[in-house]
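The structure under discussion appears below in the form of structure tokens.
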């Protein structure tokens, strides 16, 4: 955890739109004399891709394609029935040589954070299911995620929820680092619409 700067905790509201901002972190804080003492600029902020159309039995997705991390919010079906459950997932595609921290990383300002914003009538059935973490290539060997990872959570649609279109949003914050540097923290806001029948 030494190479990550102490950033003020980034609030995870819901809506995932990637905003790469805030000061960077200095690897020099890791404590090794040869570490790099600067922060690389945020790389190629891309605009969000429009959510997929809501067709029966098909997943809906909002995606932010950036470098070196692409983040997506996906709901298993664009059409759901009152009284049912549907899976929501946040997917990360992390470029080679880069990594992000776990959900429980310390200090909290370095942790990956996911927060759903749900309409009345839709609730969560469990906590985020996280994939197994790997050992970082950093000297301290902290837990980290690399390559392609998916976090999943079940959503419950109330049995008395009125029919209509509803927005499911999630705000993701994370910091991506490699062995040399950490990029500026990123906050991603994503949103998909589902039809309750």
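Could you line up 101, 135 from fewest to most neighbouring Cβ atoms inside 10 Å?
On the way: 101 26, 135 10.
So the residues, fewest neighbours to most, are 135, 101.
Using a cut-off of under 14 Å, list every residue of the stretch 138-171 whose amide N is near the label point 7 Å from the Cα of residue 104 along the Cα-to-beta-carbon line. What the label zone holds, given the 14 Å backbone N cut-off, is 143-144. All C-alpha pair distances within the stretch 119-178, sorted into 10 Å bins from zero, spread as 16, 37, 24, 16, 7, 1 percent across the bins.
Given axes a ≥ b ≥ c from the Cα gyration tensor, I'd like to know whether the stretch 72-172 is rounded (a/c under 1.5), prolate (a/b larger than b/c) or oblate. Verdict is prolate for the stretch 72-172.
Extending 7 Å from the Cα toward the beta-carbon at both residue 143 and residue 160 defines two label points whose distance is 4.0 nm.
Full extension of the chain between residue 123 and residue 59 gives 21.2 nm of extra length, using 0.36 nm per residue less the Cα-Cα distance.
Throughout, read-outs are computed from the coordinates displayed, never taken from laboratory work. Predicted, not measured: the structure shown is a model, and the values here were computed from it. No Cβ is skipped: glycine too gets one built from the backbone with ideal geometry, and neighbour counts run over all protein chains shown.
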